[in-house]
Each structure stands twice: as structure tokens, then as C-alpha cells.
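Inspection log for the structure reproduced underneath, given as C-alpha cells.
The values are calculated or read from the model by the stated rules, or taken from the named source; none is laboratory data. Everything numeric here is computed off the predicted structure, so don't read it as measured data. All Cβ positions, even for glycine, are placed from backbone atoms using ideal geometry, and neighbour counts span all protein chains on display.
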């Protein structure tokens, strides 16, 4: 089960400095407690501020990787929302593309033409970027797979309280999407109560903002794993 935490520093209380500190603390928590991917999704930041935040996040993740044990063998990867240039400059592990962004093939071409910048980038820049793509239908997932995305995020699977006017895709669409040749993560209205149904529908994992950001991540990961194991034993 893959777990994808999508950041939203503006949801934290306090001024900008406080929100930034709280977000970096949450990133450290995620990198410690079993989150596979973190999408840095701070769209309102200037390029300079986004780069600064991404560098700090990567430094935290790199330090956590040094502490990786058999209990948590897979290190956390950082993906930058839409900004391939920032991902390359900060030695992030990849990018998360919106449906109207450039294609994964174009990201790979840009990535391979650059070796990153700075000492941290030279030491840690992955040769092959992780590329996630936001999708809103099984057809878009199939296109993402054709364009060499690493994985897709289908949204919204369930109705979201803050977006009641958006029609959810539902579990049937998730099942169809999950037949693609790349992993598909479920996003949108995901809770501890419905996560198991997403996995049973074929999702490789779940993506969320609030589920991870507003709760103790270690507890959420443990409960999700229990749900996944229970679902597997019934299948």
C-alpha cells in the first residue's frame, strides 16, 4: 500500500513563519512514519520561496533516510507540484503534474538534460525522476501510463465536503483506472473508513491532505495497514 501526503501549509494556524515550521515538522513526521511520497503543493509561493522550502524539506528527508531501518525500509520521496525546474534545482525526487501540465516525457527530457544544481543536488539527484499525474477519469490514467508516468492519482474518488459540487469518480471508475499499467492512488474524500474499499477496488494506495496533515501520521499509517491486511485476508 502506497501512501501519498499532499501538503497544504495554509491549513496550519499562525503566521507564515509558523505555518512553514509546522509544515516542515509534518514532513519530518511523514518521512519518519512510513509515508512513501510527499507532494509539496504550495502553489502560491514564489519560485524563490518554493525552492527554499523544497531544499529544507529535502534536507529533512535526506537525514531521515540515514536513519532508515528494517522496520521502515522504503525511504520517503519528495515530489514538487508542477515545477520541474524547482525539482531539479533542489534535488527533489520528482514532480507531480496536473492534467494540463507538460507531459511526463517532457519532464524526463528536461531531467536528463540537467544534472541538478549545488552540492546537495549532485549528491542526491535521482537519474530517473518519479512522475505522478493527477487524473480525473480512467481514460486520463491510461494516457498517463502511455506517456510514461510513474503512477497516477485519481480524484476525487469520494465526495469532498469542501467541494460538494464536484461529481466523485466512485469506486467503479477506480477499478477501471487501476487496470492501467502503472499504480493508481485514490484521492478525494479518503478516510480510515473508506480506504479499505479503495484498495479492494484495485488502488495501489491512497493520497490525502487532511487525513495525514491533521492527524498523528504513525497512528494513521498503522490503522491503514490494519485495514489493508484485513482486506487482503478477505480477498
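The set of residues from region 214-228 being under 18 Å from the mean Cα position of the chain (by Cα) and closer than 16 Å to residue 4 by Cβ comprises 214, 215, 217, 220, 221, 224, 225.
Yes or no, residue by residue, for (1) assigned to a helix (DSSP H, G or I); (2) surrounded by 14 or more Cβ atoms within 10 Å (Cβ to Cβ); (3) at pLDDT below 95:
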{"position": "123", "(1), (2), (3)": "yes, no, yes"}
{"position": "128", "(1), (2), (3)": "no, no, yes"}
{"position": "167", "(1), (2), (3)": "no, no, yes"}
{"position": "179", "(1), (2), (3)": "no, no, no"}
{"position": "186", "(1), (2), (3)": "no, yes, no"}
{"position": "202", "(1), (2), (3)": "no, yes, no"}
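Look at (1) in contact (Cβ under 8 Å) with a residue 40 or more places away in the chain; (2) under 23 Å from residue 229 (Cβ atoms) and you find that residue 177 fails only one, number (2).
Please go through region 204-221 and give me each residue that is part of a helix (DSSP H, G or I) and surrounded by 13 or more Cβ atoms within 10 Å (Cβ to Cβ), ordered by number.
Within region 204-221, 210, 211, 212, 213, 217, 218, 220, 221 qualify.
Listed by position, the helices (runs of 4 or more DSSP H) inside region 15-107 whose residues that are surrounded by fewer than 17 Cβ atoms within 10 Å (Cβ to Cβ) number at least 3 are 16-32, 47-66. Among the candidates 157, 141, 153, the residue that is in contact (Cβ under 8 Å) with a residue 12 or more places away in the chain, part of a loop (DSSP other than H, G, I, E, B) and crowded, with 22+ Cβ neighbours inside 10 Å is uniquely 157.
Conditions tested, residue by residue: (1) in contact with a helix residue (DSSP H, G or I) (Cβ under 7 Å, 6 or more places away or on another chain); (2) closer than 26 Å to residue 197 by Cα; (3) modelled with pLDDT under 95.
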position	(1), (2), (3)
8	yes, yes, no
45	yes, no, no
49	no, no, no
63	no, no, yes
74	no, yes, yes
91	yes, no, yes
95	yes, no, no
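Condition test on residue 190, is it on the phi < 0 side of the Ramachandran plot, in contact with a helix residue (DSSP H, G or I) (Cβ under 7 Å, 6 or more places away or on another chain), in a loop (DSSP other than H, G, I, E, B) and buried (at least 22 other Cβ atoms within 10 Å of the Cβ)? Here the answer is yes, as residue 190 does meet what is asked.
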